[in-house]
Amino acid sequence: METMSSRSFVFVTGGSGGIGSAVCKLCPSFGFIPIIGYKSNASKAHILAKELNGIAVHIDMNNSDSILTAVKVITQKIGATGSLAAVVLGASPPPALESFNKISKEQLLHQLNVNLIGPNILLQLLMKSVFKKQKAGTVVGILTEAIGSEDRSPATGMGSYVVAKTALKGLLAICSAEYSWLKVRTVSPWFTNTQMLDVFDPRYLEMVHARTPILDPEEVAMHIMDKIER
C-alpha cells in the first residue's frame, strides 16, 4: 500500500483562495497531494485538506517566523521518502486602487512583503531543506497580466500591486538563472473571478468582461498544473 510519505506533494501559498484552492482541487487527479497554505481562512483550508486527503499548513507570507515554521511542518510531512514536486506562489493582497501620486509607503511595503520578500524567504528555506536534496522541483509564480510586457504598458491605478508582481518576476528570474536544474515558471492571468475583484467597481468589471471575458479560477489552475507537469 502506498503511504503518504512516498508520494509527491504540491505546496500552494494562498491555497484557500480562489485560484489557490482550484489548484489544490486539481492536485489529486495529477497524482499530487496538496499542501494547502493559508493565512486566515483556516476553516476552508482544513475542509479542503479533508476532502482532498491533503494537508493544511498555516503560513503568513508577511511574517518570516511563520514561513520558517511552515517549512519545518512541510518538511516533516513530506518525510524522508516523499518529494515536493512544486511550490505555487499564490498568496497576494488585493490591489490598492490608487493613482501613482497616492501610492503610500504602507501599501507598497505590504505588497512587497507578501509578493517579494516572503517568497524570497520561502524559496531559500525550501531550497535548503528540500529542493537541493532532491535536485529537482518546480516553482510557479502567479503574476498578473497587469504588469504589462515589452509591447504593452502596465495597468494604471494599482501601482503597488503591479510593482510587487514585477519584482516577483525578477526574483524568479534570478532563482532560475542560479539553479538550472530547478524548473521556474510563471503565469500571468487576466482578471479572474475571485474575491480580489471585490475592490473594483462592478460597473468597471462589466466593461472589462465585455471586452475580454473574466477568467474562472479553474482555467488558471489548469494552466498552472500544465506548468508543473511540463
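The values are calculated or read from the model by the stated rules, or taken from the named source; none is laboratory data. Predicted model, so just to flag it, every value in this text is computed and none were measured. All Cβ positions, glycine included, derive from the backbone under ideal geometry; neighbour counts span all protein chains shown. Calculation scope for accessible area: heavy atoms of the full protein, side chains included, ligands and nucleic acids excluded. Shrake-Rupley method; radii C 1.70, N 1.55, O 1.52, S 1.80 Å.
Might you report the magnitude of the Cβ-based charge dipole of the chain about its Cα centre, with Lys and Arg at +1 and Asp and Glu at -1, to the nearest 20 debye? List each step's numbers first, then the result.
Values: 22 positive and 18 negative charges, 154 e Å.
Taking the Cα centre of the chain as origin, the dipole is about 740 debye.
Keeping every protein chain present and rolling a 1.4 Å probe, give me the accessible area per residue for the chain in Å². Write down the numbers at each step before the final one.
Details: 11720 Å² over 230 residues.
With all protein chains present, the chain gives 51 Å² per residue.
Under a 5 Å amide H to amide H cut-off, with H placed in plane at 1.01 Å, what residues pair with Gly137 once short-range neighbours are removed?
For Gly137, whose amide H was placed from the backbone, the distant partners under 5 Å are Lys183.
I want the local charge near Pro154. Using Cβ-Cβ distances under 13 Å, sum +1 for each Lys or Arg and -1 for each Asp or Glu among the other residues.
Numbers: positive: Arg152, Lys165, Lys169; negative: Glu145, Glu150, Asp151.
Summing Lys and Arg as +1 and Asp and Glu as -1 gives 0.
Which one of His46, His209, His110 has the biggest mean-square fluctuation once the chain is modelled by GNM with Cα springs under 10 Å?
Taking springs between Cα atoms under 10 Å, the residue moving most is His209.
Roughly how many percent of the accessible protein surface of the chain is carbon and sulfur, given a 1.4 Å probe and a whole-percent answer?
Numbers: 6310 of 11720 Å².
It is 54 percent, rounded to a whole number.
Please work out, to two decimal places, the log10 of the ratio I(q)/I(0) at q = 0.12, 0.19 Å⁻¹ from a Debye calculation in which every Cα of the stretch 104-177 carries one identical scatterer.
Taking Cα atoms of the stretch 104-177 as identical point scatterers yields -0.38, -0.81.
Which of the lysines could a cross-linker bridge to Lys128, judged by Cα under 25 Å and excluding same-chain residues fewer than eight apart?
Lys39, Lys72, Lys77, Lys165, Lys169, Lys183, Lys227
May I have the extent of the alpha carbons of the chain along their three principal axes, as whole Å values ordered from largest to smallest?
55, 34, 31
Among Val163, Val130, Met225, whose Cα sits farthest toward the positive end of the charge dipole of the chain (+1 at Cβ of Lys/Arg, -1 at Cβ of Asp/Glu, about the Cα centre)?
It is Val130, whose Cα lies furthest towards the positive end.
Write down the percent of antiparallel bridges among all DSSP beta bridges whose residues are both part of the chain, to the nearest 5.
Numbers: 1 of 27 bridges.
Counting DSSP beta bridges with both partners in the chain, the antiparallel share is about 5 percent.
For the stretch 30-39, what does the Karplus curve 6.51 cos²θ - 1.76 cosθ + 1.60, with θ = phi - 60°, yield as ³J(HN,Hα) per residue in whole Hz, taken in order and with x for Gly and Pro?
Per-residue couplings from phi come out as 9, x, 10, 9, x, 9, 8, x, 9, 9 Hz.
Defining a contact as two alpha carbons under 8 Å apart and six or more residues distant in sequence, what relative contact order in percent does the chain show? Let's see the in-between values first.
Details: 408 pairs, mean separation 49.8, N = 230.
Averaging sequence separation for qualifying contacts and normalising by length gives 22 percent for the chain.
Determine, for each peptide in 17-29, 171-183, the mean count of other beta carbons within 10 angstrom over its residues, then list the peptides with the highest first. Spell out each step's value before the answer.
Values: 17-29: 23.1, 171-183: 14.3.
Highest to lowest by the protection proxy: 17-29, 171-183.
Counting only other residues whose beta carbon sits under 12 Å from that of Cys175, what net charge do I get with K and R as +1, D and E as -1? Numbers along the way, then the final one.
Values: positive: Lys169, Lys183, Arg185; negative: Glu178.
Taking every other residue near Cys175 into account, the sum is +2.
Are there GluC sites (Glu not before Pro) in the stretch 1-109 that DSSP puts in a loop and that have at most 13 other Cβ atoms within 10 Å, and which ones?
On the way: sites: Glu2, Glu51, Glu98, Glu106; in loops: Glu2.
Of the GluC sites (Glu not before Pro), the ones in loops of the stretch 1-109 whose Cβ has at most 13 other Cβ atoms within 10 Å are Glu2.
Only Cα pairs under 8 Å and at least 6 apart count here; give the relative contact order of the stretch 73-181 as a rounded whole percent.
On the way: 107 pairs, mean separation 42.0, N = 109.
Once divided by the residue count of the stretch 73-181, the mean separation gives 39 percent.
Taking amide H positions as placed 1.01 Å from N in the peptide plane, with prolines and chain starts having none, which residues 5 or more places from Leu84, or on another chain, fall under 5 Å of its amide H?
Long-range HN contacts for Leu84: Phe9.
I need the peptides 217-225, 114-122, 187-195 ranked by packing, meaning the mean over residues of other C-beta atoms within 10 angstrom, with the highest value on top. Provide the component values of the computation, followed by the final result.
Details: 217-225: 19.8, 114-122: 22.1, 187-195: 17.6.
The packing order, highest mean first, is 114-122, 217-225, 187-195.
What aspartates and glutamates could a cross-link reach from Lys25, if we take a straight Cα to Cα line under 18 Å and drop same-chain neighbours fewer than 8 places away?
Glu51, Asp216, Glu218, Glu219, Asp226, Glu229
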